[in-house]
Amino acid sequence: MSNVTLPRNLSSSSAAILAAVIDALRPRGHGFDQSIDEYVLLEIDRTLPCLPRLMRLGLPIGLRLLEWGPPLFAGRARRLTTLNRQEARAYLQGWLDSRMTARRLLVHGLRALVLLSFYQHPSVLDAMGVRWDRRLIETVRLRADTLDHAKYGYPR
Amino acid sequence: MAIPAEITAELGDRIPERRIAYPNTESGREARCDATLAADAVVVGSGAGGAVAACLLAEAGLDVLILEEGSLHRTESFSTSVLEMMRALYRDFGASMILGTPGILFAEGRCVGGSTVINGGMCWRTPERILERWRRDERLPDIGSKEMEPVFAEVERELNPETQAPDTLGVHNRLFAEGARKLGWHPRDNLRNMRRCAGLNNCAFGCPTGAKQSSLVTYVPRGLRAGARLVADARVDRVVFSGAQAIGVCGRFLDADSRPSHRFQVRAPMTILAAGARHTPGILKRSRLRAHAIGRHLTVHPNAKVVGIFEEVVNPWWGTHQAHQIHDFLDQGILIGYAVPPPGILAGALPGIGEESAAIMSLYNHMFPVGCLIEDTSTGRVVLGPDRQPQMLYSLSRRDTETTQEGVAKVCELLFAAGAKRCLLPFADLAEIRSPDDVGRIRARRPEPRGIELMTVHIMGSARMALESSRGATDAFGRVFDVSGLYVADASLLPSPVGVNPQETIAALVTRNARRWLESDARRPGRSRARAS
């Protein structure tokens, strides 16, 4: 039996386009080569219902525009999902630099979601030496040990 | 991550906020049919203003019903899992936009406790010059610093503003104060509503230690103990009227995916809107109130960020949230403070994709983000979009653009004085400077709002108090003009921006106003315990 978790909110075609976007945008090098693209995709899928209505409704359309956009915006008679990583990245950078606000905002929004999901993955935080989880335990314990109940009027 | 079970067991009951009871609480998720409810007062929203109003009215003996669109998330459910917390606690995942030039990112809470659950807990009294402006220019009564003193004191007894304990300060906290002192500025120990903060710096994602004294752990449970009832996951669509008398609200319960499910109607002689400066005017407009001032006078307290990059390791994740602020320039409309976002949030605000993003984020532990809050003179509007949801329109004026640039220049001066080697700027046309000598380039920048990256968590003024309906949507005590039984109790009330973080101002104004409502307006409560007893 497969353990693969499928996106709940994205259709399979939207998920395939988003996977290509993640592959192109995600950080690489400098200690950021973790194989977590599937995790990033699932996190974005989980986040989708929480996004502003316009973004939520517009994302599937935006993903299709990205998919079929290379002939129009990059002069290549191919779809995004068939471009190699360098080509896809250059293509998406073109959207980020576009003078058309809607194009720019779409890829800016996707970039923010990809980077947020990527950099908050526990293995990435660990590689960065960011130990917020350890601080959680330290500080909860510190407060419990040093809280002056009388001074603060507990129990309130 | 959440706190492991064995740690929770070890801590026992030594964290009081983890023991708070929320009696009289229901969730709209459990609704199985349409519902009609009744109360003496219905309060829409449970944040900085709504929770205060509900608590005070309940303690006065009224039967109070709080409706909150978000869910009840208790202290013990808070964790350092940023994505999970953002999905649970923020409206629209914190990705709302204020439309205009420039577009401004806006975040607010959507949970029991509202934005107080996800703010930094800054707790400053309204500056005297602002109170004086409201007294002199707006001619509002009982709002001078002398009249407000006991009101602030009352709010502070509940919220407990205090300064940060030294054992929770990290390198970045020290750098900020040192940089300011080198420039001859006066870093002030920040006042934050907390009881023994231990410095986790997870304020924006719920406080797992329980230290932050948000409405979730103060006014809401206090109001519930006084007999108020709370229905979470209940979204109000509009106010219901009988002639010019507001007689309650109607809306929809929300299911587990926040989709509207069954309908509800609440009958109440007092209807108090505290849904925030975006949604309160939205509800008023959807209720077909046509007063000119509803939704106007929106100010947004824009926030521009600079990221300083240091040679030394800063480890910005170690140390408390914003232990200091610079108030030296409040008269110029500039407040300087700092907030360290987790890597995933900060990365979205920095340039680059692929290797470029990786290269810059590999420096995260050398970074220190510092920002300036601008007391704006520009005003915008809240309007209803085609989907009947409120949208914010706002553009930065030339004067505020200049103030923003001056604020950013001052932040860079502070960061360089603290030892930064580079400053990443919020300008598309001037992305970085590498020396204090370059700060002049910021001041020389053409004051063009396009291309400035701004965000805000402080919108206000969209149903402001005034003496005449031509100048505001509510009277001097938050009663909506031209109708009876309808009140506003959130940041919408503020007649002008306050220059500092507004939580205490909101709580104090609502305290002031609620006392007045009780004295003059509250009807003989039909179902109140006061009469029943």
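Where a number appears in this text, it was derived from the coordinates with a stated rule and is not lab data. What you see is a predicted model, and the numbers here were worked out from it, not measured in a lab. In this analysis, Cβ positions are derived from the backbone assuming ideal geometry, glycine residues included, and neighbour counts consider all displayed protein chains.
What percent do you get for the relative contact order of chain B when only Cα pairs under 8 Å and 6+ apart count? Each step should come with its number before you reach the end.
Numbers: 1289 pairs, mean separation 121.0, N = 533.
Relative contact order of chain B: 23 percent.
Ranking A:H30, A:V124, A:L106 by how far each Cα lies toward the positive end of the dipole of chain A (charges on Cβ) leaves A:L106 at the top. The three principal axes of the C-alpha atoms in region B:40-92 carry coordinate ranges of 40, 22, 14 Å, sorted with the longest axis first. Charge dipole of region B:79-235 (Cα centre as origin; +1 on each Lys and Arg Cβ, -1 on each Asp and Glu Cβ, all else neutral): 80 debye, rounded to the nearest 20. Inter-chain Cβ neighbour count for A:83-96, averaged per residue, equals 1 (cutoff 10 Å, partner chain atoms only).
Annotation: average projected area of region A:1-51 is 4.4 square nanometres, based on the convex hull of Cα atoms across all directions. For the protein assembly as shown, the number of Lys pairs with C-alpha atoms closer than 29 Å, counting only pairs eight or more positions apart or on separate chains, is 10. Neighbours of A:D97 by Cβ distance under 11 Å: Lys/Arg scored +1, Asp/Glu scored -1, total +3.
Once the convex hull of the C-alpha atoms of region A:65-156 is built, how many Å³ does it hold per residue, rounded to a whole number?
179 Å³
Taken over the alpha carbons of region B:293-345 as equal point scatterers, the Debye sum produces base-10 log I(q)/I(0) values at 0.24, 0.26, 0.29 Å⁻¹ of -1.12, -1.20, -1.29.
Relative to the longest principal axis of the Cα atoms of chain A, the long axis of helix A:132-146 makes an angle of roughly 20 degrees.
Couplings 3J(HN,Hα) for region B:74-90, derived from phi with the Karplus relation 6.51 cos²θ - 1.76 cosθ + 1.60 (θ = phi - 60°), are 7, 3, 5, 8, 6, 8, 8, 7, 4, 5, 4, 5, 5, 5, 7, 9, 9 Hz, where x marks Gly and Pro.
Rg then Dmax, both in Å and based on the Cα atoms of chain B: 22.6, 73. For chain A, modelled as a GNM whose springs connect Cα atoms under 10 angstrom apart, the maximal fluctuation among A:R143, A:R78, A:R103 occurs at A:R143. Shielding value for B:356-369 is 4, the average number of Cβ atoms from other chains within 10 Å of each residue's Cβ.
Near B:L191, within a Cβ-to-Cβ distance under 10 Å, what is the net charge of the other residues, with Lys and Arg +1 and Asp and Glu -1?
Values: positive: B:R125, B:R188, B:R192; negative: B:E156, B:E162, B:D189, B:E504.
Spelling it out: positives minus negatives among the neighbours equals -1.
Between A:S35 and B:L384, what is the label-to-label distance in nm when each label sits 7 Å out along the Cα-to-Cβ direction? Reported label-point gap for A:S35 and B:L384 is 5.4 nm.
Rounded if a/c is under 1.5, else prolate if a/b beats b/c, else oblate: with a ≥ b ≥ c from the C-alpha gyration tensor eigenvalues square-rooted, which is region B:323-391? It comes out oblate by the Cα gyration axes.
Among A:132-141, B:192-201, B:445-454, sorting by the average number of other beta carbon atoms lying within 10 angstrom of each residue, highest first, gives B:192-201, A:132-141, B:445-454. Fraction of C-alpha pairs exceeding 23 angstrom in region A:1-89: 29 percent, rounded to a whole number. Other residues lying with their Cβ under 13 Å from the Cβ of B:T379 contribute a combined charge of +2, Lys and Arg counting +1, Asp and Glu -1.
One Cα centroid belongs to region A:9-40, the other to region A:89-156; the line between them spans 18 Å. If you wrap the Cα atoms of region B:336-449 in a convex hull and average its projected area over all directions, you get 9.0 nm². The mean sequence distance of close C-alpha pairs (under 8 Å, at least 6 residues apart), as a share of the length of region B:406-518, puts its relative contact order at 17 percent.
Normalising the average separation of contacting C-alpha pairs (under 8 angstrom, six or more residues apart) by the number of residues puts the relative contact order of region B:369-439 at 25 percent.
What the Cα convex hull of the protein assembly as shown gives, in volume per residue, is 162 Å³.
Beta bridges assigned by DSSP with both partners in chain B are antiparallel in approximately 65 percent of cases.
Averaged over the residues of peptide A:106-115, the number of Cβ atoms from other protein chains lying within 10 Å of each residue's Cβ is 4.
Pair-distance distribution P(r) for region B:120-241, from all Cα-Cα distances in 10 Å bins starting at 0: 10, 27, 30, 25, 6, 1 percent.
Here, region B:378-531 is characterised by an Rg to Rh ratio of 1.15, where Rg is the alpha-carbon radius of gyration and Rh the Kirkwood radius. Here the peptides B:65-74, B:499-508, B:303-312 are ranked by packing, the mean other Cβ count within 10 Å, and the order with the highest first is B:499-508, B:65-74, B:303-312. Normalised by 2.2 N^0.38 Å, where N is the number of residues, the alpha-carbon radius of gyration of chain A equals 1.37.
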